[in-house]
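Notes for the one structure printed next.
The values are calculated or read from the model by the stated rules, or taken from the named source; none is laboratory data. Predicted model, so just to flag it, every value in this text is computed and none were measured. Note: ideal-geometry Cβ built from the backbone for every residue, glycine included; neighbour counts use all protein chains shown.
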Amino acid sequence: MTANTGQSPLAPGWLEVPADLNALHEPLWAGGVARNDAGELTIEGLTVSELQREYGTPLFVLSETDFRARARAFSDAFNDAFADICGGVDVYYAGKSFLCTSVVRWVEEEGLRLDTASGGELAVAARAGIPGADVALHGNNKSDGEIHRALDMQLGRIVVDSLDELERVAAIAANRGDTAKVMLRLTPGVHAHTHEFIATAHEDQKFGLSMAPDSTDQAGLSAAEEAVAAAIGHESIELLGLHCHIGSQIFEPDGFALAAEKLLDFLAAMQVKYSIVLPELDLGGGYGIAYTPVDTPRPAAEIAQAMAAVVRSKCAALGISAPRISIEPGRAIVGSTTFTLYEIGTLKTVRVDAPGSEAGGVGNDVTYPRRYVSVDGGMSDNPRPVLYDADYSAILASRSSDAAPQLSRVVGKHCESGDIVVRDVYLPEDVAAGDLLAVPGTGAYCWALSSNYNYLARPGVVAVSDGSARLIVRGETEEDLLNRDMGV
Ligand code: LLP
């Protein structure tokens, strides 16, 4: 009953009708993305239609220039903040967010290190030729093969996740006549304000060694302390220090600061009790980015300074010299470097009851339009909306438009009604099949979480730098899809 323009009652409260549908909200986009005079979206001067012609859609378009700039900026912000405390910070890029050999090389060239979480990620690191000393290995269930591989590659650190694993690492290293460099991952019990599935420092989940006293332990030691005592008893283990990761997509520094304080208290207590020095403290990743215009993450420098202030004062209060600090950002480096380019296909508009009204209720005949805009990918190239209710944003990319805004839901082509790419966004009323749509902020945990559901081929990744584009991961072909099918 209402016009298709203006604020829709179906839209969530946070979503505003943009004043200009053609404008780019800068924090969501990589540097170098703009609209040209003809109204088309460009990256470093390359138009999206050129990119589609050359590489097809869906396509991940990643700015190498922006990746390098963000890696440097993040590293500079933390190094500046911690310079007087521990001589700087070691920044491990979390490869799980997006990894391929080109990225490993950029990371290395920008002076960062690499955090991996499986044998496969180690294989990418090895193929890229990064020195093992600059690589960390994570995982709550590392296989013996992965532990051997870590030792073969002489990794700078294996982050041990449990007492069980500590014993396995110690035994494998001892059998090889090796020494494993180990960090212990602890769960400081800090509540991170993020989605339950990406919060990782509370007690009741699979990661890490609990810092809570264990009533079933004879001496009442926590699992964390048991691990410290066990580690220093093993000649095949070199205990470097402690690690925590409180969760992901976190905007406020408080959680990181609280976790740092808890780990420093523990580190100081262990140093006194066991007469050891633990030279390293890793505070993990989890720094949030903007996915929609209402997300306002704090600048890296602000978070770094808040964390540094806490580390400085806590170490002074404890009378210990500060350990070398390291961090593991993934999303904050790669997330905003990338947009996904889709081609629009089927459009349909449904009429929906006003939120809160009961369908078919007497006298309630007011309905509102919601337009479904189908694109040529979906949950197979970005499962984050399905997994975490993640919100994204989207714009018409192949042209500008003066048409009125219409509340739209961008959906994929999979056989699931939950296959949503952007739950709520205003797009011009005149978008049509064949138009290109760009979804920003898809650099982290999209390609990395992609699948072949419905036998869709995973998209390629194009890197743009110096005004030109090249494939850094080619898209899959039908042959790729079929060549593991044994046909027997
Ligand atoms: N360090 C450790 C030990 C981690 O487990 C993670 C992420 C990171 C660092 C990097 O976190 P980041 O800075 O990227 O937030 N798939 C989810 C996120 C899972 C995060 C897993 N661990 C998502 O798409 O939101």
Is it true that some residue in the stretch 361-369 is within 16 Å of the ligand (Cβ to nearest atom) and either over 18 Å from Asp295 (Cβ atoms) or touching a residue at least 12 places away in the same chain (Cβ under 8 Å) (or both)? no
From the list Gly460, Gly467, exactly one residue is assigned by TED's automatic domain parsing to the domain that holds Glu44 and closer than 23 Å to Pro383 by Cα. Which is it? Gly460
Does at least one position in the stretch 309-331 carry a residue that is charged (D, E, K, R) and surrounded by fewer than 15 Cβ atoms within 10 Å (Cβ to Cβ)? no
Residues of the stretch 186-214 being at pLDDT 75 or above, in contact with a helix residue (DSSP H, G or I) (Cβ under 9 Å, 6 or more places away or on another chain) and within 11 Å of the ligand (Cβ to nearest atom), in sequence order, are Gly208
The conditions are (1) surrounded by fewer than 20 Cβ atoms within 10 Å (Cβ to Cβ); (2) touching a residue at least 60 places away in the same chain (Cβ under 8 Å); (3) within 16 Å of the ligand (Cβ to nearest atom), and Leu347 fails exactly one of them. Which is it? (3)
Show me the strands (runs of 3 or more DSSP E) found entirely inside the stretch 226-343 where at least 3 residues are more than 15 Å from the chain's Cα centre (by Cα), of a type outside the set (Lys, Arg) and farther than 30 Å from Ala432 by Cα. 237-243, 280-282
Could you check, for the stretch 285-292, whether at least one of its residues is over 29 Å from Leu21 (Cα atoms) and within 16 Å of the ligand (Cβ to nearest atom)? yes
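Yes or no, residue by residue, for (1) in a strand (DSSP E or B); (2) within 16 Å of the ligand (Cβ to nearest atom):
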position	(1), (2)
Arg371	yes, no
Asp381	no, yes
Val386	no, yes
Asp402	no, no
Glu416	no, no
Val431	no, no
Gly434	no, no
Val439	yes, yes
Filter result for Ala77 (in a helix (DSSP H, G or I), at pLDDT 95 or above and either closer than 30 Å to Pro369 by Cα or among the aliphatic types (A, V, I, L, M) (or both)): yes
Between a residue in the stretch 410-436 that is at pLDDT 95 or above and any residue that is of a type in the set (Lys, Arg), which pairs come within a Cβ distance under 8 Å, given they are 6 or more apart or on different chains? Asp419/Lys413; Ile420/Arg409; Val422/Arg409; Arg423/Arg409; Asp424/Arg409; Val425/Arg409; Leu427/Arg371; Asp435/Arg399
Taking Ala304 as the residue in question, decide whether it is under 15 Å from Phe74 (Cβ atoms), away from the ligand (no atom under 16 Å from the Cβ), of a type outside the set (Phe, Trp, Tyr) and surrounded by 21 or more Cβ atoms within 10 Å (Cβ to Cβ). no
Of the numbered conditions (1) surrounded by 20 or more Cβ atoms within 10 Å (Cβ to Cβ); (2) within 16 Å of the ligand (Cβ to nearest atom), Glu252 fails exactly one; give the number of that condition. (1)
Give the number of residues within the stretch 86-119 that are under 18 Å from the mean Cα position of the chain (by Cα), farther than 24 Å from Asp66 by Cβ and more than 13 Å from the ligand (Cβ to nearest atom). 0
Scan Ile333, Ile276, Ile250 and give me the residue that is without any contact (Cβ under 8 Å) to a residue 60 or more places away in the chain and within 30 Å of Ser380 (Cβ to Cβ). Ile250
Check off (1) under 28 Å from the mean Cα position of the chain (by Cα); (2) at pLDDT below 95 for Ala354 and give me the number that stays unchecked. (1)
So, in the stretch 357-393, of the ones that are surrounded by fewer than 18 Cβ atoms within 10 Å (Cβ to Cβ) and among the polar types (S, T, N, Q), which residue ends up modelled with the lowest pLDDT? Asn364
Could you count how many residues in the stretch 307-342 are in the same structural domain as Leu263 (by TED's automatic domain parsing), away from the ligand (no atom under 16 Å from the Cβ) and of a type in the set (A, V, I, L, M)? 9
